[in-house]
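The values are calculated or read from the model by the stated rules, or taken from the named source; none is laboratory data. Just so it is clear, the model here is predicted, and its values are computed rather than measured. Because the Cβ atoms are built from the backbone with ideal geometry, glycine has one as well, and the counts that use them run over all protein chains shown. Remember, those area values only see protein heavy atoms, side chains included, never the ligands or the DNA or RNA. Shrake-Rupley method; radii C 1.70, N 1.55, O 1.52, S 1.80 Å.
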Amino acid sequence: MKKNKKIIFIIGVLLISIIVTAIFFFDIKSKKTLKLPKVYFKGNIENMLTKEDERVIELEYVDGDKTFKSYAKIKIQGTSSLSYAKKNYTIKLYNDKNLEEKKKIDVGWGEQNKYCLKANWIDKTHARNIVTAELAAEIQKKYNLFMDTPHNGTIDGYPVEIYINGDFLGLYTWNIPKDAWMWNMDEENENHIVFSNEMYEKTNLFEEEATYGPWKTEVGIENEENLQKLNRLIKFVIESSDEEFRKNINEYLNLDSTLNYFIMLYYANLGDNTAKNMMLVTYDGKIWYPSLYDLDTSWGTNSDGITLLKEDSYKTITNVKLWKRIEENFPNELYERYLELRKDILTKENVMNNFNNFKDSIPVSSFEKEQEKWKHIPGFDYSQIETYLDERIPIIDKYMESLVN
């Protein structure tokens, strides 16, 4: 009997070894055969230093059966990233060299002619912007927000390799741009407006009325009428009593979207999104929805890509009057929302699964080519994100609980 058990045990061990070995070699094979879409630029994009410098190039996109050629209007994209050696680009596709006929291509979000190509200079994983937006989209979807948009009011994207005149330019992500179609807006509708918060001045901190410059229209006309629609919200934040703020907030802000935004600021330590990079979206000119954008400074990393934020850096969020008032007047709602999200979307397992899925979508060879081309690219690897979560989650759990105790 003992001999039979021993034989069964040995057979079991051998079967497990065979299965594990098969899985290992299958994974290695799949990694070798994994290929990214390739984007070929033909033209001159040297010494592009300002957003006003627009050039015309030829573009070819190659991804199996999904292959197309077009002309493209190209310019660099971003704010602080304009000074980086590796540039972000906005492209608009056209059928003709004179750029008279738009070329609309569906790469997963419907037929569009405008896209953004992100260099992800401060994030060598190339994952933070996309994965953080994916988590934000999951949250928005949970509360039926931005349901008619391509990605619940956030960007989306996937990795590609870009070449310029035959030479490797870098590993990029092909993204939804900061454009009307990101929010499913009709540019002819005067109440379809998106304002972007551009700076850290008093107006951006909700301490003074808005002016153009610190605020910019991404969708809609830059006129006094639209500015006053934004100022209606800002004056409410500045002037209302606590009682008025609690009672009337739904006439100015979508509370679900606002709670979601606030919690992501804390959980992912989005220090670059408390004021600057916040999108304010309205479909009726009255009720505004905060929307996250530009999320590479996240999960504990600083905007330089080479240092980490201090443990208590989340406390600077309430330097913005809007967030301070939300925290003071809706502590129970914040805590309850946080507990709901910690059950599913904001678990360590779900966050890391999203990051690991993204990592597995990029061949090792693409990272190797990127490192060879851009030897001094900054950023932290995936282990930093996991360490951040281990350290951060207990702190935010305790902080959120303190709001109601």
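Descriptive notes on the structure:
- Total charge dipole magnitude, the stretch 115-180, about the Cα centre, Cβ charges on Lys, Arg, Asp, Glu only, Debye to nearest 20: 200 debye
- Cross-link partners of K42 among aspartates and glutamates, defined as those whose alpha carbon lies under 18 angstrom from its own and excluding same-chain residues fewer than eight positions apart: D53, E54, E58, E60, D63, D96, E161, D167.
- GNM top mover of K66, K286, K142 - the chain, alpha-carbon springs below 10 Å: K66
- Result for the chain in a Gaussian network model with C-alpha springs under 10 Å: among N269, N98, N260, the largest mean-square fluctuation is at N98.
- Distance from the stretch 345-405 to the stretch 226-298 (C-alpha centre basis), Å: 26 Å
- With only the Cα atoms considered, the stretch 77-228 has a convex hull volume of 158 Å³ per residue.
- Ellipticity at 222 nm from helices only: DSSP H runs of n ≥ 4 in the chain, each -39500 (n - 2.57), divided by the residue count, give -12000 deg cm²/dmol.
- Using a Gaussian network model of the chain in which every pair of alpha carbons under 10 angstrom is joined by a spring, one finds that among M279, M352, M48 the greatest mean-square fluctuation is at M48.
- Compactness of the chain was expressed as the Cα radius of gyration divided by 2.2 N^0.38 Å, which yields 1.10.
- Subset of K38/K75; K69/K114; K75/K310; K202/K229 violating a 24 Å alpha-carbon distance limit: K75/K310
- Screening the chain for whole DSSP H helices of 24 Å or more along their axis (Cα) with average Kyte-Doolittle hydropathy at least -1.0 returns 2-33, 382-402.
- Dipole magnitude of the chain about its Cα centre (Cβ charges: Lys, Arg +1; Asp, Glu -1), debye to nearest 20: 2100 debye
- Sulfur and carbon atoms: percent of accessible area, the chain [1.4 Å]: 50 percent
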